[in-house]
Amino acid sequence: MKVELITVRNGEERVVEYEYKPREEGERPMALDVLLQAQATELPDLAFRYGCRNRTCGICTIDVNGRPRVGCRARVRDGDRVSAPATLPVVRDMVSRRDGVARQLRGRLPNGLRGNDLEVAAPDDYHALTACIECYACLDKCPMHARNFEDGEERRDASGAYRHGNPFSLLKLQRIRLDPVADPAEKAAALETALALGLDACRDCPGCKCGVGIDLKRKVVKPLVVAAFGDS
Amino acid sequence: MTIETEWRDYDVIVVGSGGAGSAAAHAASEAGAKVLVVSKDPIGCSDTKIAEGIVTVRASAGEDDTEEVLAENLRIAGSDLPTEDITAAFAQDTQDAYEWYRRQGVRPDMDHKEDKPAVLPIALGGHTKRRSIGHQNGGLALGHALWNAVVQGIDYLEDAWFLDVVTEENDDGPDEVLGGLIYDAARGVFVAVRAPSVVIASGGLSTMYFPKTDTMRGNTGDSYALALRAGADLVDMEQIQFLPFCMTYPPAYEGLLAGEPVTAGYLGVLRDKDGKVILDSVMLRTRAECSAAIVRAVEAGRGTERDGCYLDLTGNVDLPKSGPYFEKFLHTAVSGVMATVRQAWGKNAAQCKEMWEVRPGAHYAMGGMRVNSDCVAIGDDGADVPVRGLYAAGQAMGGVFGSNRLGSTSLSEGAIFGARAGRGAAARAKTARTKPQEDRFEKRLARYADALSHDGGDAPALLVKELQAACWNFIGPARTEDGLDTFDAAVAQLRDRASKAAIPADALWNQSFIEYLELMNMLDTAQAVSLAARDRDHSLGAHVRLDGGQTSTLFGQPHSVVVRRDSAGGYAVSHAARPKTPLKRLLPHMIADAKRKLSLKTLRMMPAGMRDNIIEDRYRSVMGEVSREDVDAKTEAAAA
């Protein structure tokens with residue numbers, strides 16, 4: 001089975017055709033299996049991220065044929081093309097620079113929730129959003145995130161944070177709005193932050209796709225948009 | 001090659017952003033310290049995040065669960081190797097630690113009758129009380145909390161490999177921490193940080209056994225290698241926990257967790273390749289006992305082709321009344337594991353209608369940096385501090401679990417000792433006056449800069465593969481003196497080849513350099529494991545010596561094996577005596593354990609109908625009423 005790996009060195013892209021050797025008869029390998037085998041044989045300095053091999057740590061996201069997938073659970077076929085997530089700047093090979101995403105929420109979520117009553121159950125949707133593994137697959141085709149790269153210029157602040165938001169950040173903010181422990185002021189601040197990050201971009205957007213199947217459109221975007229603009 | 005160095009000043013450096021690191025950073029920051037977190041993976045993407053998410057909280061199911069009971073459970077499970085002060089600290093702080101997680105957003109299911117978090121219906125193996133709390137989404141629930149604790153207000157670098165602690169060597173007293181060195185791969189620079197306190201919280205060593213492990217790739221022994229090189233002692237390094245029930249196939253799932261002893265239920269047993277029972281009462285056994293049973297069967301030629309054995313849970317689901325309770329228990333206690341089982345092996349396996357082919361996988365290092373209950377590096381007699389300003393927490397520290405760690409304790413451990421280390425590190429930073437000694441940083445950095453560009457033979461990534469195979473074969477779940485001899489020769493040879501490895505000159509995300517750094521950490525750590533495994537020539541807990549007898553826990557004086565680097569750069573091994581749990585305290589546990597095993601045996605011998613009724617009653621008393629229809633509906637929903 002041949003898989004095309006896109007390597008990036010000093011900004012230069014190359015297509016490397018790698019022949020995967022199945023480890024058992026009829027094996028249908030995951031994209032991560034291909035990268036691991038390539039590194040253990042012909043491409044020992046191939047750079048890629050991975051962690052748990054169990055679709056939980058969220059860091060092995062790669063693009064398969066141009067679409068973001070969680071690498072350890074993305075089966076590949078002959079002729080598939082594996083590359084770094086295109087939604088973020090590529091550092092090397094399959095590694096994109098992620099840290100501008102999380103930094104944009106620095107200081108914008110409650111930290112500690114002191115004094116509130118903890119003995120309350122959270123609603124089902126709070127847990128549904130907690131299933132997020134931070135794989136950033138949702139950045140794909142996001143018009144809000146795309147604003148960070150308009151006119152070919154990357155928009156980060158002094159701390160390295162992206163100025164414009166993305167579905168992951170909105171999920172973290174909506175989670176605060178669903179948290180029975182957070183107080184009304186914190187929930188209001190979460191909505192303000194969503195607006196500051198560019199929530200208006202969601203009004204004309206057909207919706208985003210989650211890497212692990214969370215209904216982002218209905219459980220994250222819609223409640224925020226309705227609360228902010230009254231749209232339905 | 002030339003690579004830019006950026007200088008920074010902080011009060012506290014925390015290495016790692018998992019359960020221990022984020023708790024340390026948060027506590028130090030709350031105490032007023034200026035903190036830098038250094039993480040090679042994205043913030044919070046740690047073993048805590050990928051764990052099953054079950055947390056030990058003392059007295060969560062009743063006030064009769066005293067601090068003494070919990071501390072004693074840890075020490076007895078750990079064959080008296082855990083220290084008294086550390087286990088007492090653990091027992092004292094579980095509730096605070098859990099509250100910390102909750103204040104960062106962890107929301108457990110509530111027991112509405114009691115108005116407090118719901119506790120799992122069965123005590124996990126080795127715990128004499130029910131005190132484990134599970135969470136929807138497993139460890140992810142905790143992962144969001146860690147992320148929140150760090151991202152909200154603390155400076156951090158991710159994609160950054162911590163290279164070494166920099167110390168000042170004093171002739172007339174302990175060495176002093178001056179700071180640390182970092183390779184920031186994403187920006188292609190070195191970062192030299194002046195700081196009087198360093199907390200090592202960079203996890204374990206299971207990646208030495210890849211792919212036979214269920215943990216994060218980042219567990220390359222960094223914690224232990226950093227501690228050794230900084231001059232600290234390590235204890236109990238031979239004690240590495242192998243989870244008994246990890247998958248042997250399919251290849252993409254090899255090493256991933258399939259279940260715990262307790263999830264074997266009342267009737268789960270282990271069988272060899274021919275179906276003969278090799279271990280019964282699995283539910284009451286420790287992880288170490290189950291792993292040892294499999295390893296010994298494989299060694300005796302009774303294992304499967306993939307060097308595994310069969311975990312047979314079918315007895316639990318064959319019973320019409322209690323079967324649904326078991327299924328519900330399984331899917332509640334370890335929902336993430338069951339999802340993986342279903343993906344890997346299909347529906348019948350997930351319903352426990354067929355046996356599972358399993359093999360031990362590396363999961364957790366009980367040993368680590370020798371510290372006191374405030375996570376301060378200590379030497380012999382608890383005094384004799386080798387390095388001032390050095391702390392370790394979480395898997396990086398030793399002394400909490402000894403020869404066996406009980407289920408659900410590590411997630412508490414990270415938060416408990418992380419907070420203790422963070423507070424201590426912040427307090428020291430207030431009084432410590434480090435002198436500017438840039439030359440100490442620069443000397444070390446020059447060595448790393450040399451390594452960053454190296455013409456040579458072997459690629460570091462391929463040397464890592466060789467080391468991993470040797471680790472599994474010789475310092476894995478079964479050890480012999482001959483094997484250790486072979487291993488030490490292999491390590492010496494790999495060290496030599498590593499010194500001549502090929503590393504291209506490239507500052508930005510140099511993967512070969514990263515592999516080289518991790519290889520060196522794995523080599524240092526593996527050597528410490530090998531020395532400790534050689535020194536302990538009898539089996540004890542997780543350490544199985546096929547060529548030695550079992551260590552008696554009733555007689556004889558317990559000791560921990562200590563490994564440190566001597567002044568010449570070699571390794572020195574010594575012993576630290578541990579107090580023994582008095583016989584009159586030990587006996588009741590042994591009797592209770594024997595009674596529980598006897599009661600399971602009696603259950604197995606009863607007529608099926610009677611057995612079914614008794615087991616149903618036991619489940620119902622803690623789980624409430626459960627019907628076949630409920631369970632089938634839930635399983636269908638989960639599968640969809």
So if R0 is 35 Å, what FRET efficiency would B:D482 and B:V277 give, r being the distance between their Cβ atoms, rounded to the nearest 0.05? 0.70
Can you give the accessible area buried between chains B and A, summed over both chains, with a 1.4 Å probe, in Å² to the nearest 100? 5500
If each of A:R67 and B:T66 carries a label point 7 Å out from its Cα toward its Cβ, how far apart are those two points in nm? 6.2
Please compute, for peptide A:120-133, the average count of beta-carbon atoms on other protein chains lying within 10 Å of each residue's beta-carbon. 5
In short, the stretch B:18-50 residues buried by 40 Å² or more of accessible area relative to the isolated chain (1.4 Å probe) are B:P42, B:K49, B:I50
What part of the accessible area of the stretch A:2-96, given as a whole %, is carbon or sulfur when the probe is 1.4 angstrom? 42
Just to make sure I understand: if all protein chains stay in place, what is the order of B:K584, B:K634, A:K21 by accessible area at 1.4 Å, largest first? B:K584, B:K634, A:K21
Within straight-line cross-link reach of A:K187, aspartates and glutamates at Cα separation under 14 Å, skipping those fewer than 8 residues along the same chain: A:D179
Find the accessible area per residue for chain B; the probe is 1.4 Å, ligands and nucleic acids are left out, and the unit is Å². 34
Would you tell me the mean number of C-beta atoms belonging to other protein chains that fall within 10 Å of each C-beta in B:460-471, as a whole number? 2
Roughly speaking, what is the centre-to-centre gap between the stretch B:547-578 and the stretch A:1-69 when only Cα atoms are used, to the nearest Å? 43
Label-point separation (nm) for B:D593 and B:E84, each offset 7 Å from Cα along Cα-to-Cβ? 2.1
Less than 20 Å apart at the alpha-carbon level, and either on another chain or at least 8 residues along: which lysines does that give for B:K116? B:K129
Under 18 Å Cα to Cα from B:K584, which aspartates and glutamates show up? Leave out anything in the same chain fewer than 8 places away. B:E68, B:E72, B:D80, B:E84, B:D593
Using R₀ = 51 Å, calculate the FRET efficiency as 1/(1 + (r/R₀)^6) where r is the Cβ-Cβ separation of B:H575 and A:R81; round to 0.05. 0.35
May I ask for the distance between the Cα centers of the stretch B:36-108 and the stretch B:292-350, given as a whole number of Å? 27
Cut-off of 10 Å, at most 12 other beta carbons, DSSP loop: longest stretch of chain B lacking such GluC sites (Glu not before Pro): B:306-624
Just which residues of the stretch A:162-198 lose 30 Å² or more accessible area with every protein chain there, against their chain alone, with the probe set to 1.4 Å? A:K172, A:R175
How large is the convex hull of the Cα atoms of the protein assembly as shown per residue, expressed in Å³ as a whole number? 157
Per-q log10 I(q)/I(0), the stretch A:2-96, q = 0.11, 0.14, 0.16, 0.25 Å⁻¹ (Debye; single scatterer per alpha-carbon; no solvent): -0.27, -0.44, -0.58, -1.49
Would you list B:T581, B:T2 from the most to the least accessible area, probe 1.4 Å? B:T2, B:T581
Over the stretch A:99-229, one equal point on each Cα, no solvent: what is log10 I(q)/I(0) by the Debye formula at q = 0.09, 0.19 Å⁻¹? -0.25, -1.10
Where nothing but the Cβ of Lys and Arg (+1) and of Asp and Glu (-1) is charged, how large is the charge dipole of the stretch A:101-184 around its Cα centre, in debye to the nearest 20? 280
How many Å³ per residue does the convex hull of the Cα positions in the stretch B:468-543 occupy? 88
Rg ratio (alpha-carbon, reference 2.2 N^0.38 Å) - chain B: 0.94
Cross-link pairs A:K209/B:K328; A:K219/B:K328; B:K113/B:K597; B:K212/B:K273; B:K276/B:K634 - those with Cα-Cα distance over 22 Å: A:K209/B:K328; A:K219/B:K328; B:K113/B:K597; B:K276/B:K634
FRET efficiency (B:D111, B:E629; Cβ distance; R0 25 Å; to 0.05) is 0.60
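The values are calculated or read from the model by the stated rules, or taken from the named source; none is laboratory data. None of these values were measured; they are calculated from a predicted model. Neighbour counts are summed over all protein chains in view; Cβ atoms, including those assigned to glycine, are modelled from backbone coordinates with ideal geometry. When the accessible area is computed, the model is the full protein with side chains, heavy atoms only, and any ligands, DNA or RNA have been set aside. Shrake-Rupley method; radii C 1.70, N 1.55, O 1.52, S 1.80 Å.
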